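See structure below.
FYI, it's all coordinate maths here, none of it is from the lab. Quantities reported herein were computed from a predicted structural model and do not represent experimental measurements. In this analysis, Cβ positions are derived from the backbone assuming ideal geometry, glycine residues included, and neighbour counts consider all displayed protein chains.
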Amino acid sequence: MPAATTLAVAGLAHAAVGTGVSFFAGQKQAKAQKKASKESRRAAALEARRARRRTIREARIARGQQLNVAAQVGAGDSSGAAGGLSGIGAQAGANLGFSTQTEAIGRRISKLGDKAASAASLGAIGQGIAGIGSSLFANAGALGAAPSPSGPSPFTGSGFSSVRPGR
């Protein structure tokens, strides 16, 4: 086999192996990134729960302090005290709503990161396949000129042409 043909075949084999390695590495990378995203979402959910509990706790403390002050000054049933308590509840509700919104946005960002990882993995596969195609195209002449075996064919050499069935 001529050296050029051997090199072309070896190059194609390496390109195929490289594409396979790239494919599996891309799959592992995408899988690892999805796991990291999932853990990140878990951490964000834990932090959001903690923030909600803190908001509720702070609202209860503020409400208790407001009731205590109103009772000490004799204004426990006044409209001012009721308005103050209402304001505390409204602020707590707004804080909880914000926490829920940021958690949802974080989940969407994480899922988009997962999609990006999958797309990058698919892109790497495409690049590998394109590399093989490029190698095939560049070496088409060398591959098409595969050598024939030297010497007479074992089926057309001497002795076979005169052999007839039944003789």
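General observations
- Taking the empirical scaling 2.2 N^0.38 Å for compact globular proteins as reference, region 3-133 has a Cα radius of gyration ratio of 2.08.
- Each Cα pair under 8 Å and six or more residues apart adds its sequence gap; the mean of these over the residue count of region 1-104 is a relative contact order of 31 percent.
- Extension gain, Ser40 back to Ala130 (0.36 nm per residue minus Cα-Cα distance, nm): 28.9 nm
- Residue separation of Ala104 and His14 scaled by 0.36 nm, minus their Cα-Cα distance, works out to 27.8 nm of gained length.
- Subtracting the Cα-Cα distance of Ala82 and Arg50 from their residue separation scaled by 0.36 nm leaves 8.7 nm.
- Cα→Cβ-extended label distance, 7 Å offset, between Ile61 and Ala25, nm: 5.2 nm
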